[in-house]
Amino acid sequence: MNTSNLEPRGLAIVGLLTLASCTTLPLPEIRPYAFPRDLAWVEEPNRPYETLGVVKTRVEWPAMLRPDISDEALCRNFYNKAVRDLIKRAREAGGDAVAGIRSVVFLFDGQRETHSTPECSDEGDTGQILLQGTVVKFKKEERPAAGG
């Protein structure tokens, strides 16, 4: 067997693999999420309601998802997604919306904090946000009786 023919072919394969590994992969698309202002409140809704309980959610994303987007922008975007998840859970519980939205942060000593602003954590390979909110059911508006 003539080994002189194998050596250039082997080098060619290694060269092709090297070129393929050096190409730039496209950055993953990030779906933008908007805060649903008519169904979610950090404080109190602007109309009469009753409370039905509490809902919680967690959203995770690859931490190095887009190096061209700041951690703060990623946190805000996935906070908005988590708020949408809270609304979905509130509806499943019989509610109309969610109020009193809080980011939940667990500390190293086992304590827990809640914040009215988005607070995300970065575990190295993943980012995450934990949210909780109160399920609200809007009261029917009473209309004055006709007549008079």
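The values are calculated or read from the model by the stated rules, or taken from the named source; none is laboratory data. Because the structure is a prediction, the values reported are computed rather than measured. With ideal geometry, Cβ positions are generated from the backbone for all residues, glycine too; neighbour counts draw on all protein chains shown.
Structure data summary
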item: Residue, farthest from residue 82 (Cα to Cα), within segment 113-138, restricted to residues that are among the charged types (D, E, K, R) and modelled with pLDDT of 95 or more; result: 137
item: Index of the failed condition, residue 60 passing every other in (1) at pLDDT below 95; (2) not in a strand (DSSP E or B); result: (2)
item: Residue in segment 9-29 that is under 17 Å from residue 127 (Cα atoms), touching a Gly at 6+ places or on another chain (Cβ under 8 Å) and either hydrophobic (A, V, I, L, M, F, W, C) or at pLDDT below 95 (or both) present; result: no
item: Tally of residues being at pLDDT 95 or above and acidic (Asp, Glu) across segment 63-79; result: 0
item: Leading residue by the ranking (farthest from the chain's Cα centre (by Cα)) among those in segment 36-86 that are polar (S, T, N, Q) and closer than 23 Å to residue 26 by Cα; result: 70
